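A.B. asks: Attaching a single structure in structure tokens format; questions to follow.
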Amino acid sequence: MAVSWIHPGHGPIVQPSRSPVLDRPPFPSPRGALLASPVALALLPLALTACGSPKPAAVAPTPVRLVSVRALPFLDAIDVQSTLEAIREVKLAPEIAGRIVAMPMAEGQPVRPGQPLFALDQIQLRAEVNADAAEARKDRVNAERYIFLNQQGAVSTKERDFYVTQAIQSRDTLRANLANLGYKNVLSPIGGVVGNINYKLGDVVQAGSVVTSIVDNSRLWVRLDIPGEDAYRVRPGLPVVLKAPDAPGRLLARGAVSFIAPSIDKEKQTLLVKATFDNADGALRNGQRVKATLVYSQAPSLAVPQQAVLLQAGQPFVYVAVSPEVASQRLGRKLDPAPPPGTPVALQVPVTLGTLQRGAFAVRGGLNAGDQVILGNLFQLRSGLPVRPGTAPETRR
């Protein structure tokens, strides 16, 4: 139905009638829609949930290898780089100068005590000895005559003393030259092996010049300079093990502490210790560089393989395989995403380590016997990730 009225200055205005259908707005009001649709109201929470963040997907377990923590024997020891020294070694040098006229020795030749090694020219010295012997005989005769004359009152005591003193001097000169004549023949003072020979037959050597050396390698010792704070721990008889520096696993010999210095070096603050080794087979050599291990004690300790240990900010740690419940308790939170039921997870555990021996670290704290330490794929792990025990490649560092 249309209604019309007259507007001043205008014609009639027609007000259109409202149709029940055409009068509806193009979109229903939200309130009206919700009130009119109870189903839409019930589905609203599901729609809002579907529009939120997606649920984390499950992570596939990482393949790893497990090693059980157990006790191994560990040495409480100190390693020292040192040099073997022959207990008996003699450097041979003549006490007088001369020309080498005989050399019945060769390098590397075994010799016995008292065996001749080389001789110097004796012709001139022997002539001097013969002249000194004649002079000594003459002076002795003169001294005896003047002693007799003094007893008879024919000569003074002063004259007698002069000839007696002269006879004594001649005798001492003869003895000195006889000793020098003995020095012309050089004998081996010990049994051993001839070392490098520095002179040849016919060479002239001066007094004190080293011609060769005799080394007895049957018994050797090694010098160990240990820290002064360990002085109270060392005692005679402690075992010492020798190893090759380039092959630490190769055992060379076993010995024992035989000498402990009575005082500590003031400047270095080290204590000198010597250990003695039998070398009947001659495998060791004088002057040989070795790695000596002084063993203070030996006791079992929990151990982990070296390749299982990682370092973070200076703190060593390992990964152990535990149940999700244990990991959640240790981490203080729930694992998200939750691992499949019955699947172990990795847990990072800081550890306190001791010495490294035979590829394993002694564990001073952080682990218990029986803990399952993870090997392989370590850089792919973090606490809470599921793992699959089995075989895995070793971690490259």
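The values are calculated or read from the model by the stated rules, or taken from the named source; none is laboratory data. Predicted, not measured: the structure shown is a model, and the values here were computed from it. Cβ placement follows ideal geometry from the backbone for every residue including glycine, while neighbour counts extend to all protein chains displayed.
A.B. asks: For V194, all conditions in the list (1) modelled with pLDDT of 95 or more; (2) farther than 22 Å from L120 by Cβ; (3) of a type in the set (A, V, I, L, M) hold save one; what is the number of the exception?
C.D. replies: That leaves (2) as the condition not met.
A.B. asks: Can you name the condition, by its number, that R219 falls short on among (1) surrounded by 14 or more Cβ atoms within 10 Å (Cβ to Cβ); (2) modelled with pLDDT under 90; (3) not assigned by TED's automatic domain parsing to the domain that holds R140?
C.D. replies: Result: R219 fails condition (2) only.
A.B. asks: All but one of (1) part of a loop (DSSP other than H, G, I, E, B); (2) surrounded by fewer than 18 Cβ atoms within 10 Å (Cβ to Cβ); (3) not assigned by TED's automatic domain parsing to the domain that holds E107 hold for N286; state the number of the condition that does not hold.
C.D. replies: Evaluating N286 over (1) part of a loop (DSSP other than H, G, I, E, B); (2) surrounded by fewer than 18 Cβ atoms within 10 Å (Cβ to Cβ); (3) not assigned by TED's automatic domain parsing to the domain that holds E107 leaves (2) as the failure.
A.B. asks: Additional query: Quick one: Y296 ticks every box in (1) touching a helix residue (DSSP H, G or I) at 6+ places or on another chain (Cβ under 8 Å); (2) closer than 27 Å to G192 by Cβ; (3) not acidic (D, E) except a single one, so which number is it?
C.D. replies: (2)
A.B. asks: Given R112, R99, which one is more than 30 Å from A231 (Cα to Cα) and at pLDDT below 95? Write out each step before concluding.
C.D. replies: Working: R112 fails: at pLDDT below 95.
On inspection, the qualifying residue turns out to be R99.
A.B. asks: Moving on to the next point. For region 309-329, which residues satisfy the criterion of being farther than 16 Å from T352 by Cα and either surrounded by 18 or more Cβ atoms within 10 Å (Cβ to Cβ) or among the polar types (S, T, N, Q) (or both)?
C.D. replies: If the condition is that a residue be farther than 16 Å from T352 by Cα and either surrounded by 18 or more Cβ atoms within 10 Å (Cβ to Cβ) or among the polar types (S, T, N, Q) (or both), then A321, V322, S323, P324, A327, S328, Q329 are the ones that fit.
A.B. asks: (1) within 30 Å of F379 (Cα to Cα); (2) surrounded by 15 or more Cβ atoms within 10 Å (Cβ to Cβ); (3) in contact with a Gly (Cβ under 7 Å, 6 or more places away or on another chain): which one isn't true of Q306, the others all being true?
C.D. replies: Against the list (1) within 30 Å of F379 (Cα to Cα); (2) surrounded by 15 or more Cβ atoms within 10 Å (Cβ to Cβ); (3) in contact with a Gly (Cβ under 7 Å, 6 or more places away or on another chain), Q306 comes up short only on (2).
A.B. asks: Here's another thing I want to ask about it. Restricting attention to region 353-393, which residues are more than 22 Å from Q329 (Cα to Cα) and among the β-branched types (V, I, T)?
C.D. replies: The answer is T355, V363, T391.
A.B. asks: Name the single residue, out of those in region 122-168 being polar (S, T, N, Q) and without any contact (Cβ under 8 Å) to a residue 12 or more places away in the chain, that is surrounded by the most Cβ atoms within 10 Å (Cβ to Cβ).
C.D. replies: Our first condition is that a residue be polar (S, T, N, Q); within region 122-168, this holds for 122, 124, 130, 142, 150-152, 156-157, 165-166.
The next check asks that each one be without any contact (Cβ under 8 Å) to a residue 12 or more places away in the chain; those that pass are 124, 130, 150-152, 156-157, 165.
On the way: Q124: 9, N130: 12, N150: 18, Q151: 10, Q152: 7, S156: 12, T157: 9, T165: 12.
For region 122-168, the residue satisfying everything is N150.
A.B. asks: Can you say whether E128 is over 30 Å from K291 (Cβ atoms) and of a type in the set (D, E, K, R), as far as the supplied structure shows?
C.D. replies: yes
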